[in-house]
Each structure stands twice: as structure tokens, then as C-alpha cells.
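The structure appears below as C-alpha cells.
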Amino acid sequence: MMISSWKKKRAARRAGKEKQTNENGEMELTIPRDFRCPISLDLMKDPVTLSTGITYDRENIEKWIEAGNFTCPLTNQVLRSLEPTPNHVIRKRIQDWCVENRSYGIERIPTPRVPVSSMEVLEILSKVNVACKKQDGEGCRRLVVKMKSLAKESERNKWSIVTNGACSVLSEAFEAFSKASFDENVTVLEEILSALTILFPLDGEAKGFLGSVSAMHCLIGFLSSGDLSRRRNAVLALRELVSSSDQRKVNELAEMVGAIEALFKLIKNPICPTTTKASLTVIYQIITSSSTNEKQVAKLVNLGLVSLLLETLVETERGMCEKALGVLDGICNSEAGREMACNNAMSMPVLVKKILRVSNLATEFSVSILWKLCKNEKREDGGVLVEALQVGAFQKLLLLLQLGCVDMTKEKVSELLKLLNLHRNKIECVDPMDNFKDLKRSF
């Protein structure tokens, strides 16, 4: 390990180097001043020189610049360029010094990869634009592969690629090739989409291109394909699009043929937790924001999403649980959704169990769903109200009031308790699957 000084016993004298002896009788080898970074005072691993002529370790000076400083730390001069130049001379001297002093336990610093410069990124992007205008799919694909490789190489490269506008250029290229012909350009479209997922999040301009009708049709095409990688990248891109405040894009997506079915398939036959959560996020935006959500909810209910969500909720981690509950809450805004949930024997046990067990958000969604189901219960035998009592809903809701919750949830809890109280004489409240052990005060 490299530190400001390395120690070795007196036997190191045979190395023939100038040494100093400390009070403990140990030999010290001091790093030459020119090899130290002026910021950290440690041996430089990747020396770079600023426009002021001062050399620093790349990691330290980039942190300085990224923090919003545009002056040289040592001279306080304003920097003419924010891109430091690799100092190969100093780096070679440091490597030679390390080799000469390996008997002291010093390891030779590796030759670092030179990060991609803004000029290189802009040159690649310019060529991508030219390839798009010529409809040169193969040429564009090769350029995108090169850019993707650079982005994967280091976070520094990725930052440089993003800050120089790659997301907008690639999204525009995706739109251009999707307009021409999906079948003929499927290879380049797939490569562009794969590169974009590495560079997320997208800015507003990039979302504008990727959210065009032709581009979204292409995304649905990938989402409906059999290729797992295409499906994964497509749903991640759709999640990016619906996360914006553009209601028009959500409505257009909801109306596209095959979109709902493809999203449902990703939940029913999951690829990985990331894609499942992305699918749930997109569906949530559609059923809670779309002007035509009733039609979409009916379609999802007919596909069997309610029972699928309840099965998912039995055993799942926090993020997935919150998203699944959010979607179920949205579905229960419709009569068809509530009817399907009421007729499912898992609804009450699962929903009651999630209260105070996962997170504040999960509790709020669970209470909201219970409230929607119970307040619309019309059956003389009490239906879901009795089912909720059987699994300890009354006790759980009382405890929630005692621990505290947000006002909207508190109102729903109070109304639920009144509704449940009307049927308490029919059955004794028991709690067969949730005895509050390991309960954490989450509020």
C-alpha cells in the first residue's frame, strides 16, 4: 500500500538509498516532493497538469472542479480549461521511483487509462449525427458501441459523455431510425437503447425525442419481443418517459396497441426485480394519470393483475411491495378492480399484514385499499368487513392510530373502525398470521 512514507528495518541499508532514522530505530523513505499531490500530499497515481502548470493527482483535482471550483488550488489562478492534461513525464518518473524502491515494499503504480476528452466525445456525436442523416445504420451502430464502451470504462468517461449532450443526440438518432423502418434498423435501435440505459437519467430534450410516437411504438415493439435484453431496456426507457410531467406521453402510451399486455407480461414472467419494479411504475402512472384509465384498468383486471399483485405481495422486499400496493390502490378506484379484490381470499390477510410492517408508504396504500373495499361493501353478511375482522384488522388499525399517521390516512382509519365496529358482534377478532412481534415504530 502506498502512503506518505514507507518503513523498513535497518537491513534495508543495502538498498543504497538515502534514509532517515526515526526515534524507534526504523528506516524511513520519504516521497519526493514533486511526486506528491499538492491537495492530498500522497503519492500521485494519475498525475495531470492544469492550465496553470501545476500538477495534481487526477482524482483529487477532478473532485475540486466538480465541487464548483474554477481556480487552481495552489496558485488561485482562474483555469483556462477544466480538462487537465495527463503528465506522462511525471508519471513515468514516479513509476521508475517505485521500481527502484521496491525493496521498501513500494508497489509500482499502474499506467492509468486516459479518460475520454470533451473533444473526443463531441467528435463521436458529430459522426452519429452525420450517420443519422445518411440513414447509415451500421455506421451509427459502430459509433454507439464505441461510446458505450467508453461509458462503461469509468464514471469519469460517463460524466464527460453525458455532459456533452450524448443523451439528446442518441435519443434523436433513435427517433430518426424508428421513423425510417423498425425492421431494417432494429440492430442500431437496440444498440442506441442499450447505450441510453447506461446514461440515465435523461434530460427534457432527450425525453422529447424518445417520447415521440414513432420512438414509443419502437419501444413497445421491443417490449413485446422475446429478447430479454430488449424488453429490459425498453421498460427502463418507458419508466424514464413516464417519470416526467408530460401527461400527453402517458396518454399516448396507454392507447398504444400491446403496451398494457407487454407490461403485464413482465410482471407475470419477471426478468429481474428491476424490470418488474419498472413495469409497476409505468402501470401506476397509466392507471392514475391517464384520461382513459378506466379502459386500461379493465384490461389489466381481465388479464388477472389483481391476483398477480396479491401473490407478489405475500413475500417481497420493500420497494417491490410499495409499488405493487400503489398499483393495487389505483386499480381499486374502479368497480371492476374492487370486485376482483373482494372476491380474492388473499386480499384481507395480505393487506392487513402489510400495515405497520413495511414502510409508511406501504401502510398508507394498504389502508387506502382497505378503505375503498370496505366502504363499498354491500353484502348483508358483511363480506370483506368480516374477513378483515377475522385477520385482526380492528386491532391493527387501533394500533396505527395510537402510533400516529398522516391526516388523510387517519381519516380513513377512523372511518374503517366505524365500519368494522358494526360487525364485531358477528365474530371475535383474532390475528392468526400477525401477532405484532418485531413491530417497529415507523411513525
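The rows are residues; the columns are (1) of a type in the set (V, I, T); (2) part of a helix (DSSP H, G or I).
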position	(1), (2)
I283	yes, yes
T288	yes, yes
E294	no, yes
N302	no, yes
G326	no, yes
A345	no, no
V352	yes, yes
E364	no, yes
I369	yes, yes
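Kindly indicate whether any position in region 243-265 is open to solvent by 10 Å² or more (accessible area, probe 1.4 Å), among the β-branched types (V, I, T) and under 30 Å from N185 (Cβ atoms). So far as region 243-265 goes, yes, one or more of its residues are open to solvent by 10 Å² or more (accessible area, probe 1.4 Å), among the β-branched types (V, I, T) and under 30 Å from N185 (Cβ atoms).
Among the helices (runs of 4 or more DSSP H) confined wholly to region 147-200, which include 2 or more residues that are more than 20 Å from V130 (Cα to Cα) and open to solvent by less than 30 Å² (accessible area, probe 1.4 Å)? Result: 155-163, 186-199.
For region 54-80, a residue qualifies if it is more than 20 Å from E155 (Cα to Cα), open to solvent by 50 Å² or more (accessible area, probe 1.4 Å) and part of a loop (DSSP other than H, G, I, E, B), and the qualifying residues are F70, L74, T75, N76, Q77, R80.
Summed over region 296-319, residues that are open to solvent by 20 Å² or more (accessible area, probe 1.4 Å) and of a type in the set (A, V, I, L, M, F, W, C) total 4. Name the residue, out of L403, L398, L328, L389, that is buried (at least 23 other Cβ atoms within 10 Å of the Cβ) and farther than 16 Å from L310 by Cβ. Exactly one residue qualifies, and that residue is L389. Taking region 331-350 as the range and being closer than 11 Å to A298 by Cβ and surrounded by 19 or more Cβ atoms within 10 Å (Cβ to Cβ) as the test, the residues that pass are I331, S334, G337, M340. Here K134 fulfils each of the conditions (1) open to solvent by 30 Å² or more (accessible area, probe 1.4 Å); (2) in contact (Cβ under 8 Å) with a residue 24 or more places away in the chain; (3) farther than 24 Å from A259 by Cα apart from (2). Residues in region 223-240 include at least one that is among the small types (G, A, S), open to solvent by 40 Å² or more (accessible area, probe 1.4 Å) and either touching a Gly at 6+ places or on another chain (Cβ under 9 Å) or assigned to a helix (DSSP H, G or I) (or both). Which of (1) under 33 Å from the mean Cα position of the chain (by Cα); (2) over 30 Å from D183 (Cα atoms) does V99 not meet, given it meets every other one? Looking at each condition in turn, V99 falls short on (1). Scanning region 98-119 for residues that are buried (at least 18 other Cβ atoms within 10 Å of the Cβ) and either at pLDDT 95 or above or out of contact with any Lys or Arg (no Cβ under 9 Å at 6 or more places or on another chain) (or both) turns up just one, I106. Just one of the numbered conditions (1) under 24 Å from R239 (Cβ atoms); (2) hydrophobic (A, V, I, L, M, F, W, C); (3) at pLDDT below 95 is not true of L361: (3). For L422, the conditions (1) open to solvent by 70 Å² or more (accessible area, probe 1.4 Å); (2) modelled with pLDDT of 90 or more; (3) of a type in the set (A, V, I, L, M) are fulfilled apart from (2).
The values are calculated or read from the model by the stated rules, or taken from the named source; none is laboratory data. These numbers were taken from a predicted model, which means no experiment stands behind them. Note that each Cβ is placed from the backbone with ideal geometry, even for glycine, and that neighbours are counted across all protein chains shown. Keep in mind that these areas ignore ligands, DNA and RNA; they rest on the heavy atoms of the full protein, side chains included. Shrake-Rupley method; radii C 1.70, N 1.55, O 1.52, S 1.80 Å.
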